[in-house]
Structure formats: structure tokens, C-alpha cells
Amino acid sequence: MSRSGFVALAGRPNAGKSTLVNQIVGDKVAIVSDKPQTTRREIRGVATGEDWQLVLVDLPGVQRPRDALTERMQRQVERALADADAALFVLNGEQQIGPGDRFIAEALKRSGVPAVTVLNKVDRLDRARTLRALSDAAGLEVQGELFPISARSGAGVGPVVEELVSLVPEGPFMYPPGEHSDQSLELRLAELIREQVLLRTREEVPHSVEVEIDELEERDDGLMVVRARVWAETESQKGILVGAGGRMVRAVGTAARKEIERLLDRRVHLDLNVRVRKGWRRDEGLLDRLGIE
Ligand SMILES: Nc1nc2c(ncn2[C@@H]2O[C@H](COP(=O)(O)OP(=O)(O)OP(=O)(O)O)[C@@H](O)[C@H]2O)c(=O)[nH]1
Ligand SMILES: [Mg+2]
């Protein structure tokens with residue numbers, strides 16, 4: 001009999017949840033950046049072994065609610081925990097434990113869901129700091145085992161997967177073994193474009209950008225034409241995103257096109273259109289349309 005189940009990831013923004021999902025799945029299903037709140041919607045990454053399957057539910061990082069977008073992201077985490085067979089709590093080893101971690105620890109204890117805690121980014125810590133951080137993590141008193149790992153290099157991740165497999169129930173696979181993600185093609189492409197924006201912008205700009213695919217057109221000669229809208233909140237952000245003489249939008253477009261070509265394994269023409277929509281982060285209608293529940 002195989003074992004299979006849903007594992008909800010929880011952790012502060014930037015802890016490395018999406019990096020860990022990609023590492024366990026062995027494919028890039030979630031975008032990653034050094035900016036907090038990179039992940040905005042729930043993404044499922046599917047990892048399948050010989051007799052087990054883990055459906056990893058990657059979630060936005062938890063912090064104090066500030067606006068409609070953040071509030072929606074927070075509710076998503078609580079819902080995902082309620083639906084999960086197990087939880088994977090990711091701590092950022094480079095940072096002290098803070099209110100966000102304690103908030104999650106309490107939510108985990110309340111939920112009663114079996115949990116595994118990982119102290120991530122230990123590749124950045126010396127032995128003494130790792131031991132101190134592990135002892136602080138144990139102090140959160142979350143149920144279940146605690147492992148030091150590096151999601152980036154994969155060090156220590158094997159035992160975490162084994163432990164998670166032991167926590168999910170016996171049952172059949174939920175996805176075909178070759179499937180790695182539940183996202184629509186449009187969403188994956190929009191995310192690859194947003195990732196390139198995140199890598200190139202700073203301060204409030206990364207948080208103010210959303211990407212929407214307008215059109216996917218498959219030409220007879222095999223070329224895929226992708227038209228996308230890049231939403232900013234203000235004219236000045238639009239100015240930054242377009243860049244002097246269009247330099248920024250061209251750089252984003254070139255890099256994103258390469259990523260999309262790799263994903264689709266074909267030639268791509270990418271057309272980016274930067275637009276302003278004031279206060280889209282508070283616009284519940286647009287959040288619905290973008291699939292941010
Ligand atoms: N050195 C090191 N960096 C890591 C590791 N894991 C993740 N990172 C980096 O940490 C940053 C955040 O990683 P993400 O995977 O996007 O973090 P996240 O928890 O999904 O963040 P949100 O989606 O914003 O909640 C990126 O720059 C990663 O490259 C690790 O094990 N070691
Ligand atoms: Mg993420």
C-alpha cells in the first residue's frame with residue numbers, strides 16, 4: 001500500500017518555503033526571490049517516490065495583516081492547515097525567532113496536525129550558531145521532529161521527506177507520478193515574468209507588481225506568442241518598470257522569455273505591456289481575477 005497526502009508549508013516570508021518545495025519536487029514549480037512575499041497564491045508541488053506521494057502546498061509567508069492582499073494570504077494559511085495531513089514549518093536560520101514564527105507555532109499547535117519543523121539556511125551558519133538556533137526552535141514547542149537543512153543545496157532534506165512520508169496516511173496517489181505542479185500554464189508563465197521583475201526591483205516596487213497573461217497564441221511555425229500585462233500601482237512605479245528608454249522592461253522580457261522557452265521547449269515571442277491600476281492590492285475584484293483567494 002502506498003502513502004500519500006497533503007503537506008502544508010508554513011513560515012515567515014523569505015524563510016525558503018518555495019526553495020524547499022522546488023528541492024523536494026526536483027523541478028521549479030514555485031518562483032523564488034530575496035524579496036519577502038514572493039509567493040502570493042497557494043501552489044501545489046507534487047513529489048512522487050516508488051510507494052509514496054507528497055502534495056506540498058506552498059503558501060505565502062505569514063506576517064501581520066496590513067491590507068486586503070496580506071489578509072487574504074493569511075486566511076489561506078489557516079485554511080490550508082485545516083485541510084492538510086501534515087505541516088512543514090520552515091524557520092529562517094539567518095534570523096532570530098520572531099512574532100511571525102510564534103504566530104505560526106501557535107496555529108500549528110491549535111490545529112493538532114502532525115508537523116515537522118526545519119531550520120533552513122544552515123549553509124550560512126557555523127556550528128555554534130546552528131546549535132543555538134536549533135535550541136531556540138525547540139523552544140517553540142511545536143509537535144514533531146526538528147531538522148537542520150539547506151533547502152538551496154538539499155543538505156538534510158532527505159530525512160525530512162522520510163519523516164513527512166511517515167506522517168501522511170496510507171492511500172492511492174492523487175496526481176500522476178510525472179506531474180509536478182497544479183498550476184495552469186497561464187499562471188506559471190505570469191509567475192516567471194513576475195520573478196524577473198522581483199529580481200530587478202527594490203523597496204515597494206516588488207510588492208506593487210502583478211502580472212496577468214492576456215493572450216497565448218500558437219503560430220503555425222511553432223512560435224508561441226505570449227502577451228502579458230504588468231500591473232503597477234502608481235505612475236512612478238510604471239516609470240521604474242519601463243526604465244530609461246524601455247531598458248528595464250526589455251531586460252525583464254528577455255530574461256523571462258528565456259525561462260518560458262525552457263519551460264515550453266519552443267521559441268517564444270513575449271510582449272510585455274506595463275500598466276497602472278491604482279491600489280490593485282486593495283481591489284478585491286482584481287484579486288479574484290488573479291486567483292488570489
Ligand atoms: N543560503 C541559503 N539561501 C536560501 C536557502 N533557501 C532559500 N534561500 C534564499 O532565501 C530567499 C527566499 O527564498 P524563498 O524560497 O523565495 O522563500 P519563501 O519562504 O518562499 O518566501 P515567500 O514566498 O516570500 O514567503 C531566496 O533568495 C532564496 O534563494 C538556503 O537553504 N540557503
Ligand atoms: Mg515562496
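Structure notes:
- The C-beta contact set for segment 138-161 (first residue closer than 16 Å to Ala87 by Cβ, second residue buried (at least 17 other Cβ atoms within 10 Å of the Cβ) and modelled with pLDDT under 95, distance under 8 angstrom, 6+ apart or interchain) comprises Leu140/Asp101; Leu140/Ala105; Glu141/Ala105; Val142/Ala105; Val142/Leu108; Gln143/Leu108.
- Residue pairs whose Cβ atoms lie under 9 Å apart, separated by 6 or more positions or on different chains, with the first residue in segment 22-47 and at positive phi and the second near ligand 1 (Cβ under 10 Å from one of its atoms) and in a loop (DSSP other than H, G, I, E, B), are Gln37/Pro13; Gln37/Asn14; Gln37/Pro60; Gln37/Gly61; Gln37/Gln63.
- For segment 38-60, the set of residues classified as in a loop (DSSP other than H, G, I, E, B) and buried (at least 24 other Cβ atoms within 10 Å of the Cβ) consists of Leu59, Pro60, listed by residue number.
- Qualifying helices (runs of 4 or more DSSP H) (wholly inside segment 147-244; at least 2 residues being modelled with pLDDT of 95 or more): 157-167, 185-200, 235-242
- Across segment 189-211, the number of residues qualifying as in contact (Cβ under 8 Å) with a residue 40 or more places away in the chain and crowded, with 19+ Cβ neighbours inside 10 Å comes to 14.
- Test result for Ala10, within 12 Å of ligand 2 (Cβ to nearest atom), modelled with pLDDT of 90 or more and buried (at least 19 other Cβ atoms within 10 Å of the Cβ): yes
- Residue selection: Gln76 fails the criterion of being within 28 Å of Val209 (Cα to Cα), part of a loop (DSSP other than H, G, I, E, B) and more than 10 Å from ligand 1 (Cβ to nearest atom).
The values are calculated or read from the model by the stated rules, or taken from the named source; none is laboratory data. If you're wondering where the values come from, they're calculated on a predicted model, not measured in any experiment. Please note: Cβ atoms are built from the backbone with ideal geometry, for glycine as well, and neighbour counts cover all protein chains shown.
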